[in-house]
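Colleague: There's a structure below that I have some questions on.
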Amino acid sequence: MKLLKKATLAIVFAFIYAFSFQCVAQEGKFRPVFEEQLPFKVKPAAFQEWYAGIKVGGTGINIFIPITDLDENIEIDRVYFRNLTSELRKKDDKYFAVLENKSRNYTFKKPEADKDYPFKLKDNECVVSYIENDTTKYLKIGTVNEFAGVYYENGHPSIYTNESATAIATVDDDDE
């Protein structure tokens, strides 16, 4: 009888022990839910790799995401693409970001994901985060089109401030 009691207690403690570690493991993981119904329209996204002609210039990606019919209670936040992330900025009706690679190589090489990078994406997928009514939501774009890369002889210009930059590809909206 004592042996049965000890075995039962051992089994109960084993279940409690296993269950508590399972809860802790799930607590630390970020599991985003991608929105199916969007409160805005997204036209085809595009990206362009860039290379700086000087060693300190580095490499990176310009990404363009045309978003229309955006409500006032929605703020477009960040883009996640090829293990890089950056804040999205608006110019006209397009959102764009410059994703700078930490590597100082002369050619673009996809960086390894940081430990805290929240997504596992294919090379042609990106995620856009947006805030709706104080809640962060995520949109996964399954296909991002690639434009030919661009070479900047004197380093990458800032597309945030240079209004006359002509070397950057754009995504023109087709009138529907």
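Colleague: Note down the net charge around residue 97, summing +1 for each Lys or Arg and -1 for each Asp or Glu among other residues with Cβ under 14 Å from its Cβ.
Modeller: On the way: positive: 78, 82, 89, 90, 91, 94; negative: 49, 77, 87, 100.
Residues close to residue 97 contribute a combined charge of +2.
Colleague: Shifting gears a bit: Once you've got the Cα coordinates, tell me which of 91/115; 43/115; 90/110 are over 28 Å apart. The partial results should precede the final answer.
Modeller: Working: 91/115 32 Å; 43/115 31 Å; 90/110 25 Å.
Where the Cα-Cα span goes over 28 Å, the pairs concerned are 91/115; 43/115.
A short reminder: the numbers here are calculations on the coordinates, not readings from a lab. The model shown is predicted, which means the values in this text are computed figures rather than measured ones. Quick reminder, even Gly has a Cβ in these numbers, built from the backbone with ideal geometry, and neighbours come from all protein chains shown.
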